[in-house]
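Structure first, then comments.
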Amino acid sequence: MQPADLIIRNAREILTCAGSAPFSGPRQRETSPVLDGAIAAHEGRIVYVGPTSDLDRHVSAAPGAVEIDASGRAVVPGFVDAHTHAVFAGDRRHELRRRLAGATYAEIAAAGGGIVSSVEATRTASEQDLVDQTRTRLDEMLACGTTTCEVKSGYGLELEAELRMLRATARLDDEHPIDIVPTFMGAHEVPREYRHDRDAYVDLVIREMIPAVAAERLAVWCDVFCEDGVFTPAESERILNAGLQHGLKPRIHADELGPSGGSQVAARVGARSADHLIFVPPAGIEAMARAGVVATLLPTAAFYLKLGRFAPARALIDAFVPVALATDVNPGGGFSPSMPFAIALACFAMGMTFEEALTASTINGAWSLDVAGDAGSLEKGKLADAVIVEGDAINLIRMGAPSIAAVIKRGKVVTRSA
């Protein structure tokens, strides 16, 4: 009989999201529920998922085991937030006031705001400053049920500042309960000092930054902001292919503010994920479907940036493109750390069902980060990362209500409501 140091029993429903990733098309609605279910874990990994009635035939409580009666509650996998810019310094909430008064993203950027404003603050911050400021954001994300997340660099835009961001990320991965997947994004914007010679900055990213990041093994992924006025499709392809040559896997910001060609770049370079996609054209959807690219959608960013539209989730799902969700936590337009809020927006602004949004926030997010072997579903052998929900799982979309009863990370209760 298998010993267990964490036992959850009597859950009204466990939405396991189990199965081979990624989920696409009609399969994106499959959450593989277990009614009156139980979960047991030992040393951080799941050893049993199934009916409570069968639990005691498979596991026995180890000395000091934590036992949770989940009667009247649901259990879902810990959320995987597959796109964040959580490491940064400075405060851009004054831009939010301007946006609420009618200023556009482009107008704010032209006036010296936007990404370059965060670059100025981040360049002057120490590694410890970045760790301290980011830890608070991660605490907020954890309380909202996130147990795995991606974090990008990209507010340094010079070699040492980018390395400092990634070193801070590595420290936080060691110190914080959330598992962090690091992404290098030196191609987040062209810094002011290179606006007169953008080719020189692309060369700097390719010839100096990428090799240095790879040499220190500070990132798993390489990302680029492919957008009119930022990086062209040709520049994006060069940067992502350079990352590949140094072992950094590609993902891309694509078609956020217009049909930039980023979705087609994602298909050509074999990117695991293309993100944002608010203006993705039909040809981009077709290319992503053929290439097996995940669409990581960020409805929270579209909401806070007041873009007036959201990514076409239904068209992507109907084309069998796997859809993931993320918060886009960042200083300028990612003001919510809450994956449940992203789920609610996905349902009510992008036409997704609750089940589609849940798989997008768990197993598909994990697959987009290449961590689906450990995270994203409640299955034997995987990490015991879970969210216990008051009532039915769909209560997660009740914004402002205390719907999360507890968050479990690697078999430990890390947050619990009073």
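Please go through the range 257-285 and give me each residue that is part of a loop (DSSP other than H, G, I, E, B) and β-branched (V, I, T), ordered by number. Give the derivation first.
Residues of the range 257-285 part of a loop (DSSP other than H, G, I, E, B): 257-261, 270-272, 277-281.
Hits for the range 257-285 are I278, V280.
Keeping to the range 291-330, report how many residues are in a loop (DSSP other than H, G, I, E, B) and under 23 Å from T147 (Cβ atoms). Walk me through how you get there before you give the answer.
To start, the set of residues in the range 291-330 that are in a loop (DSSP other than H, G, I, E, B) comprises 292-293, 298, 305-312, 319-322, 326-329.
From what's left, under 23 Å from T147 (Cβ atoms): 298, 322, 326-329.
Number satisfying all stated conditions: 6.
Being farther than 27 Å from P191 by Cα and in a helix (DSSP H, G or I) is the filter here, so list the residues in the range 139-161 that pass it. First the steps, then the outcome.
So the first thing to find is which residues in the range 139-161 are farther than 27 Å from P191 by Cα, and the list is 139-148.
Result: D139, E140, M141, L142, A143.
Among what's in the range 27-56 and is without any contact (Cβ under 8 Å) to a residue 40 or more places away in the chain and of a type outside the set (G, A, S), pick the residue that is farthest from I7 (Cα to Cα).
Selected residue: R27.
Write out, first by first residue and then by second, each pair whose Cβ atoms fall under 8 Å of each other, whose residues are 6+ apart or on separate chains, and whose first residue, in the range 286-297, is in contact (Cβ under 8 Å) with a residue 60 or more places away in the chain and under 11 Å from V323 (Cα atoms) while the second is open to solvent by 40 Å² or more (accessible area, probe 1.4 Å) and not aromatic (F, W, Y).
Between residues of the range 286-297 that are in contact (Cβ under 8 Å) with a residue 60 or more places away in the chain and under 11 Å from V323 (Cα atoms) and residues that are open to solvent by 40 Å² or more (accessible area, probe 1.4 Å) and not aromatic (F, W, Y), the close pairs are V294/R272.
With the checklist (1) more than 16 Å from T84 (Cβ to Cβ); (2) touching a strand residue (DSSP E or B) at 6+ places or on another chain (Cβ under 7 Å); (3) not in a helix (DSSP H, G or I) in hand, flag the one item M288 doesn't pass.
It is condition (3) that M288 fails.
Between V59, V76, which is more than 22 Å from the chain's Cα centre (by Cα) and among the aliphatic types (A, V, I, L, M)? Explain how you work it out, then say what you get.
Numbers: V76 fails: more than 22 Å from the chain's Cα centre (by Cα).
Residue meeting the stated conditions: V59.
List the strands (runs of 3 or more DSSP E) inside the range 350-418, counting only whole elements, that have at least 1 residues being among the small types (G, A, S). So that I can check it myself, show each step before the final result.
Numbers: elements: 386-390, 404-409, 412-416.
Result: 386-390, 404-409.
Taking the stated definitions as given, is L396 touching a Cys at 6+ places or on another chain (Cβ under 9 Å) and farther than 23 Å from V87 by Cα? Explain how you work it out, then say what you get.
Working: touching a Cys at 6+ places or on another chain (Cβ under 9 Å): no; farther than 23 Å from V87 by Cα: yes.
When the stated conditions are applied, L396 does not pass them.
Inside the range 1-119, counting only helices (runs of 4 or more DSSP H) that do not spill past its ends, which hold 1 or more residues that are at pLDDT 95 or above and at negative phi? It would help to see each step written out before you state the result.
Working: elements: 52-58, 93-100, 105-110.
Result: 52-58.
Among the residues that make up the range 391-410, is at least one of them crowded, with 24+ Cβ neighbours inside 10 Å and touching a Lys or Arg at 6+ places or on another chain (Cβ under 7 Å)?
There is no residue in the range 391-410 that is crowded, with 24+ Cβ neighbours inside 10 Å and touching a Lys or Arg at 6+ places or on another chain (Cβ under 7 Å).
The values are calculated or read from the model by the stated rules, or taken from the named source; none is laboratory data. Keep in mind that what you see is a predicted model, and the values were worked out from it rather than measured. Using ideal geometry, Cβ is built from the backbone for each residue, glycine included, and neighbour counts are taken over all protein chains shown. Quick note on the areas: whole protein, heavy atoms, side chains included, nothing else; ligands and nucleic acids left out. Shrake-Rupley method; radii C 1.70, N 1.55, O 1.52, S 1.80 Å.
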